[in-house]
Amino acid sequence: MLDNDRTAPIRKSQWLLLSLLVLALLASACGSPKEEGKDATSNQPPTSAQESSGENKTHEPKVMKDAMGHEVHIPANPSHIIASYLEDHLVALGVKPVAQWSVPNGVQDYLSEGLNGVPTIPYNLPVEEVLNHEPDLLIIGDEALVQNGLYDQYAKIAPTYVLGSETAKDWRKALKTIGDILDLSDKAEQVLKDYEQKAAATKEKLKPLGERSAAILWLTNKQFYLVDETVSSGTVLYQDLGIKSPNLISEIPAASRASWNPISLEKLAMLDADDIFIVNSDKAAGADEVTNTALWQSIPAVKAGHVHEMDPKGSWLYSGAVAGSKVMDDVIEALKP
């Protein structure tokens with residue numbers, strides 16, 4: 001990938017998140033026994049787009065051009081879909097894939113209800129693993145995931161559609177595109193309408209609190225990350241709900257800003273936010289001593305008791321209609337307007 005590729009910062013932030021998730025989940029797994037009786041590879045039938053629509057209508061095969069210019073032959077009513085790290089959109093549309101994204105010892109836990117019984121597949125989609133699941137359609141998020149001949153190998157297994165990073169980074173666009181692919185455009189539009197209505201209602205509930213500011217922090221491997229306004233829960237709080245972002249975000253030079261901004265504890269001591277929402281992955285691993293330091297305790301929001309711990313297995317590090325809806329629920333529960 002060339003450094004002057006305009007999507008490079010986006011791709012780098014996505015790979016950073018994936019790398020950090022792997023490390024965080026590996027660490028938390030050290031002290032977390034597996035649930036007895038939980039079969040991660042149970043062979044529960046996937047849900048096709050036709051079943052999701054609740055109609056007996058038979059769709060016709062079609063050809064769609066993907067972000068890389070491939071003419072992809074989409075089958076009628078695909079029922080064995082792999083859309084790794086795009087499962088939020090499938091769950092929102094009522095479609096159950098044949099396999100779900102995973103990293104060592106971890107999945108997107110917040111989607112557990114919609115993905116109950118769905119076996120896992122490694123995040124990097126090894127060709128042999130893909131073949132074993134016998135998909136009839138692959139939907140890939142980013143061009144970077146199909147380089148070095150991988151696209152051709154996937155395409156020999158099943159029709160393979162690449163959304164492209166420009167679409168994948170915007171969950172609304174990604175949802176609508178997947179809705180188009182699966183002939184569920186009307187359902188996608190309804191999901192978006194319901195989401196916007198919930199955001200407006202949540203924003204209204206928060207009005208009695210006045211103009212409050214909030215910071216979103218992720219603590220993993222003793223490193224804090226300040227969540228930007230353009231990613232995951234940041235878009236929900238700062239864009240959808242209109243909560244004010246802390247000055248520390250705007251003070252980061254535009255050229256060096258990232259979706260996940262590493263920040264020192266010394267810098268955090270100057271955090272001016274009224275509230276802090278923290279996803280503490282280190283706590284799950286029993287290594288969160290950094291939050292017991294004098295510097296952490298000196299932060300105004302910490303001193304005021306306005307720190308809200310969010311479940312590391314929750315949706316705060318992810319994007320999508322399902323993730324965002326759960327974040328809104330968490331905000332109302334935490335702030336109790």
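Things to note:
- Within the range 164-228, GluC sites (Glu not before Pro) in DSSP loop having at most 15 other beta-carbon neighbours inside 10 Å: 211
- Prolate/oblate/rounded call for the range 58-102, Cα gyration tensor, a/c under 1.5 rounded: oblate
- Virtual paramagnetic centre 7 Å along Cα→Cβ of residue 153, amide N under 15 Å, in the range 122-142: 122-133
- Under 12 Å, Cβ to Cβ, from residue 157 - net charge with Lys/Arg +1 and Asp/Glu -1: -4
- Global geometry of the range 198-335, whether rounded, prolate or oblate, following the gyration tensor of its Cα atoms and the 1.5 cut on a/c: rounded
- Sequence-distant contacts, meaning Cα pairs under 8 Å at least 6 residues apart, place the relative contact order of the range 68-183 at 29 percent.
- Note on residue 283 and residue 129: their simple-model spin labels are 3.0 nm apart, each label 7 Å out from Cα toward Cβ.
- Residues with amide H under 5 Å from that of residue 309, placed H, sequence gap 5 or more: 278
- Two-site label geometry, residue 64 and residue 311: point separation in nm, points 7 Å out along Cα→Cβ: 3.2 nm
- DSSP-loop GluC sites (Glu not before Pro) across the range 70-133, with at most 12 other Cβ within 10 angstrom: 113
- Computed extension gain for residue 329 through residue 297, at 0.36 nm per residue and net of the alpha carbon distance, reaches 8.8 nm.
Throughout, read-outs are computed from the coordinates displayed, never taken from laboratory work. Quick caveat, the model's predicted, so the values are computed rather than measured. Glycine also receives a Cβ, built like all others from the backbone with ideal geometry; neighbour counts cover every protein chain displayed.
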